[in-house]
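To start, the structure itself, in structure tokens.
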Amino acid sequence: MAYWMVIGLWLVYLALTANLEVSNLVLGLLIATGLTGLLRPPRSAFALRQLPGVLLALGRYLFVILVEAIKSGLIAARLVLNPALPVKPGIIAIPSGCDSELATALSAHAITLAPGELVVEIDEQGVMYTHTLDATRAAHYVAEAQEMRRELLRRIFP
């Protein structure tokens, strides 16, 4: 069993409950152990020398997500505040291109964080069907943004 995952989940549980009574400590440990058993983390060797590159990619990923959220928020506000309301909503297919399910889920989360976009389904091949406010310009924009996220997620999850 992955003890690092049990300890991590246990610490998250304790931070969220903010209760350090013995009964809560035991309950948190049982929940963390059960979740780790259900999730069955992969047994991959993580080299310590990979950590700086992973942390750098994670920092860039979070910065890119923040910038994308701000830009798409401004675009969505402009669309909504325009009296003519030039909105052409639609659903577009975005291939995730990620090898791991976790990277695909994080990519879908990043898309959903952007105002005016929502991932409604992910199929077996990792294609994310996304509802967007302006489907006419979304295909090119989303392809560029997805490629950047994909490369950063590949560095984070080698």
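The values are calculated or read from the model by the stated rules, or taken from the named source; none is laboratory data. Nothing here was measured: the structure is a model prediction, and the numbers come from that model. When we count neighbours, we look across all protein chains shown, and the Cβ atoms used for this are built from the backbone with ideal geometry, even at glycine.
Evaluating Arg49 against the criteria (1) outside any helix (DSSP H, G or I); (2) more than 22 Å from the chain's Cα centre (by Cα); (3) not polar (S, T, N, Q) leaves one unmet condition, (1).
Here Ala76 does not fit the description of being small (Gly, Ala, Ser) and either assigned to a loop (DSSP other than H, G, I, E, B) or under 30 Å from Leu39 (Cα atoms) (or both). Is there a residue being over 14 Å from Thr130 (Cβ atoms) and over 15 Å from the mean Cα position of the chain (by Cα) anywhere in segment 87-98? Yes, the conditions are met somewhere in segment 87-98.
Condition check ((1) over 23 Å from Glu101 (Cβ atoms); (2) surrounded by 11 or more Cβ atoms within 10 Å (Cβ to Cβ); (3) modelled with pLDDT under 90) across all residues:
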| residue | (1), (2), (3) |
| --- | --- |
| Ala15 | yes, no, no |
| Ala18 | yes, no, yes |
| Val22 | yes, no, no |
| Leu25 | yes, yes, no |
| Leu29 | yes, yes, no |
| Pro52 | yes, no, yes |
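Any residue in segment 140-155 that is under 29 Å from Leu39 (Cβ atoms), of a type in the set (A, V, I, L, M), without any contact (Cβ under 8 Å) to a residue 60 or more places away in the chain and surrounded by 15 or more Cβ atoms within 10 Å (Cβ to Cβ)? No, segment 140-155 contains no residue that is under 29 Å from Leu39 (Cβ atoms), of a type in the set (A, V, I, L, M), without any contact (Cβ under 8 Å) to a residue 60 or more places away in the chain and surrounded by 15 or more Cβ atoms within 10 Å (Cβ to Cβ). In segment 101-130, the qualifying residues are those that are assigned to a strand (DSSP E or B) and farther than 28 Å from Leu85 by Cβ, and the one that is modelled with the lowest pLDDT is Val127. Do the conditions hold for Leu66, that is, is it within 20 Å of the chain's Cα centre (by Cα), loosely packed, with under 13 Cβ neighbours inside 10 Å and within 29 Å of His131 (Cβ to Cβ)? Criteria met by Leu66. If you scan segment 73-118, which residues turn out to be surrounded by 12 or more Cβ atoms within 10 Å (Cβ to Cβ), free of Cβ contacts under 8 Å to residues at least 24 places away in the same chain and not small (Gly, Ala, Ser)? Within segment 73-118, Val80, Thr112, Leu118 qualify.
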